[in-house]
1. Of everything in the range 233-264, what is hydrophobic (A, V, I, L, M, F, W, C), closer than 21 Å to I78 by Cα and touching a helix residue (DSSP H, G or I) at 6+ places or on another chain (Cβ under 7 Å)? Give them in sequence order.
2. As an exercise: evaluate L39 against (1) surrounded by 17 or more Cβ atoms within 10 Å (Cβ to Cβ); (2) without any contact (Cβ under 8 Å) to a residue 60 or more places away in the chain and give the number of the one condition it does not meet.
3. Please tell me if T72 is touching a Lys or Arg at 6+ places or on another chain (Cβ under 7 Å) and either surrounded by 15 or more Cβ atoms within 10 Å (Cβ to Cβ) or within 28 Å of S336 (Cα to Cα) (or both).
4. Could you check how many residues of the range 75-99 are at pLDDT 85 or above and either open to solvent by 30 Å² or more (accessible area, probe 1.4 Å) or under 24 Å from the mean Cα position of the chain (by Cα) (or both)?
5. Take the residues in the range 43-82 that are touching a residue at least 12 places away in the same chain (Cβ under 8 Å) and of a type in the set (S, T, Y), then tell me which one is nearest to T293 (Cα to Cα).
6. Given the conditions (1) crowded, with 20+ Cβ neighbours inside 10 Å; (2) at pLDDT 80 or above; (3) closer than 22 Å to Q46 by Cβ, report the number of the one that F321 does not fulfil.
7. Applying the selection to the range 14-25, what residues are open to solvent by 20 Å² or more (accessible area, probe 1.4 Å), part of a helix (DSSP H, G or I) and touching a helix residue (DSSP H, G or I) at 6+ places or on another chain (Cβ under 8 Å)?
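The values are calculated or read from the model by the stated rules, or taken from the named source; none is laboratory data. Not measured: the values here are computed from a predicted model. Backbone-built Cβ (ideal geometry, glycine too); neighbour counts: all protein chains shown. Just so you know, the surface numbers come from the protein's heavy atoms only, side chains and all, with ligands and any DNA or RNA stripped out. Shrake-Rupley method; radii C 1.70, N 1.55, O 1.52, S 1.80 Å.
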Amino acid sequence: MSPAIKCLILLAVIALFFVTEIIPLAITAIGGAVACGLLGLIPAKQVFSGLSNSTVVLFAGMFVVGAAMFYTGLAQAIGEKVVHIFGTGENSLMLGLMLVGTALSSVLSNTGTCACLMPVALGICAASKNPASRQLLPMAYACGWGGIITLVGTPPNIIGSGALTAAGLPGFSFFEFAWIGIPVAGILYMLLIGKYLLPKAELDADQEIEQEIEATTHDKKKQMISGMILLVCVIVMALDFKFISLEMTAIIGALVCVLTGCLTEKQAYSSIDWVTIFLFAGMMPVSTAMDKTGAGKLIANWAVGLMGGEPTPLIVTIVLFSISCFLTQFMSNTASAALLCPIGIAIAKQLNADPKAVVMAIAVAASCAFATPVGTPPCTLVLGPGGYKFMDYVKCGTGLVLVCFVVSLIVIPMVWPFFP
């Protein structure tokens, strides 16, 4: 059996475990890397090379910088202020929650942003007699699409950029994902169409108080410091200085957060999402194995043949967007992007097209996990407090996914031409 076939069989097993989650995602990814070494697909010394990847450092640093805003209470204070500015009417409250969710999740954890805003939203909904079921899902969606704005907003963005650089191509800049315009399209969809698909029933009292707001005194000085640290990190990353990398910026920001007391060393360690770290680190050697064994090229040839022998880059983008979008409704968006980005690059090279547009489509689609309550943590977080049913996500989220699909396939070929 050729190394390429072995690699493809291993990839199929990894994909099966990702979809079913019979074992934890991180264990599947690390196990896949170990299997690559045992099968001789990569040298043994490269099995854990993903842990030394600079992107892992970027992940860790931004997890800590983002957590500082939550520990100091700044994120919640921002949420309260913005929501109060927009008022308590259903439409204005929905707009306010979506805007603050979008803004915060563009540079912070979407899960943390949603968890922080949820008790605030529940309290305001109770005071203004607005059903929480009318507000929590739009807010969760905003926390999901907000990550599409920046390179560090959500793991698929970094994974897509990392896949490009690993293939010897230029990666994405800090704000390059913002060109797609998903947040604007998403907000308009929810205000004009999506709100009519939300459940209208009032919540029971026990559902309204499911999330309690803990009375905690926060240090205003530390809130300002954490906010300044994040602002400086964003500015430095956006300016793309040659003497300081994204990873260095993130780590310096994390160090300053601990040194200034915005969070403790223990809190910094606990704020790092190790599942994301090990999932990414485990899939990098698998991606390397796909490249070295020729498995990626084999998939590319098969996919090209399946799509008509000589499909246009637009057709390839549509197919891969659809696959990524479907997978991410049921499995980790990080895993979806990690699986498909190397394949997309291989197919694009096969067609002599620029892989950047294809990778952009895959990464964006991986963040469109709106049609099920299990696709992304924010959607799962609001399931109980909002009193939602599975079909509420299907009805409202499917339309949002279609909007993202149409907007992406209009904008992507315009901003990133398939052929230079």
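1. Matches in the range 233-264: C233, A254, C257, C262, L263.
2. (1)
3. Yes.
4. The qualifying residues number 9.
5. Once the filter is applied, the top-ranked residue is S49.
6. Tallying (1) crowded, with 20+ Cβ neighbours inside 10 Å; (2) at pLDDT 80 or above; (3) closer than 22 Å to Q46 by Cβ, F321 fails exactly one: (3).
7. Correct list: A15, F17, V19, L25.
For every residue, the table says whether it meets (1) open to solvent by 40 Å² or more (accessible area, probe 1.4 Å); (2) among the hydrophobic types (A, V, I, L, M, F, W, C); (3) touching a Lys or Arg at 6+ places or on another chain (Cβ under 9 Å); (4) at pLDDT below 90.
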| residue | (1), (2), (3), (4) |
| --- | --- |
| L164 | no, yes, yes, no |
| A178 | yes, yes, no, no |
| I187 | no, yes, no, no |
| M190 | no, yes, no, no |
| K195 | no, no, yes, no |
| D204 | yes, no, no, yes |
| E212 | yes, no, no, yes |
| T216 | yes, no, no, yes |
| S226 | no, no, no, no |
